[in-house]
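What follows draws every value from the coordinates through simple rules; no lab data is involved. Remember, it's a predicted structure, so these values are computed and weren't measured experimentally. Positions of Cβ are generated from backbone atoms using ideal geometry, with glycine treated the same way; all protein chains shown enter the neighbour counts.
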Amino acid sequence: MITGAKFVGMYVRDQDTALRFWTETVGWTCTTDVGMGPPDSGADRWIEVVPPGGQGTYLVLFTPEDSLDRVGSFGPVWFDCDDLDATHAELVGKGVKFPVEPQVAPWDPSMRWAQFADDEGNTFGLSQADPMNGSNDR
């Protein structure tokens with residue numbers, strides 16, 4: 001029986017830039033950063049980042065050469081937050097761009113959402129349940 005998602009792979013061009021974005025800007029923790037080939041081979045690294053507290057699904061930042069055309073597109077990840085406006089303000093204060101500002105989701109009026117971009121142009125959904133009308137739990 002499948003019990004959950006362990007990680008989500010995020011395509012990036014520059015692993016160091018992506019690592020700085022997720023750790024220094026967003027405030028996540030890097031739990032793994034190891035080479036995927038012989039030392040000094042220039043091989044990509046396996047980099048895992050997790051949200052504060054280290055709970056839930058984590059991101060793996062990698063650079064598969066056959067998928068670099070996907071960098072800079074809508075990412076395969078949506079994130080929950082406890083306070084959309086506070087999270088938006090915090091990230092904007094750190095220089096994060098929001099192509100979609102916080103708003104009521106047109107597909108679900110019980111949810112508010114926004115969309116933010118990392119330093120490589122990948123975009124991600126960010127959502128919060130409307131405390132008056134519902135929850136993100138499905």
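Miscellaneous remarks
- Take every DSSP beta bridge whose two residues both sit in the chain; close to 70 percent of them are antiparallel.
- Overall form of the stretch 1-64 per C-alpha gyration tensor (a/c, 1.5; a/b vs b/c): oblate
- FRET efficiency, 1/(1 + (r/R0)^6) with R0 25 Å, evaluated for residue 97 and residue 66 via beta carbons: 0.35
- Think of each Lys and Arg Cβ as +1 and each Asp and Glu Cβ as -1; about the Cα centre, that makes the dipole of the chain roughly 180 debye.
- Spherically averaged projected area of the stretch 72-138 from its Cα convex hull (nm²): 4.5 nm²
- Förster-model FRET efficiency, 22 Å R0, residue 77 and residue 45, C-beta, rounded to 0.05: 0.65
- Sequentially through the stretch 71-78, phi angles give Karplus couplings (6.51, -1.76, 1.60; θ = phi - 60°) of 5, x, 10, 5, x, x, 10, 10 Hz, Gly and Pro residues having no value and appearing as x.
- Convex hull volume per residue for the chain, taking Cα atoms only, in Å³: 138 Å³
- Once the chain from residue 8 to residue 90 is taken as fully extended at 0.36 nm per residue, the excess over their C-alpha distance is 27.1 nm.
- The chain: relative contact order in percent, alpha carbon pairs under 8 Å with at least 6 residues between: 22 percent
- Neighbour-limited loop hits for trypsin sites (Lys or Arg not before Pro), the stretch 44-135 (at most 15 other Cβ within 10 Å; DSSP other than H, G, I, E, B): 94
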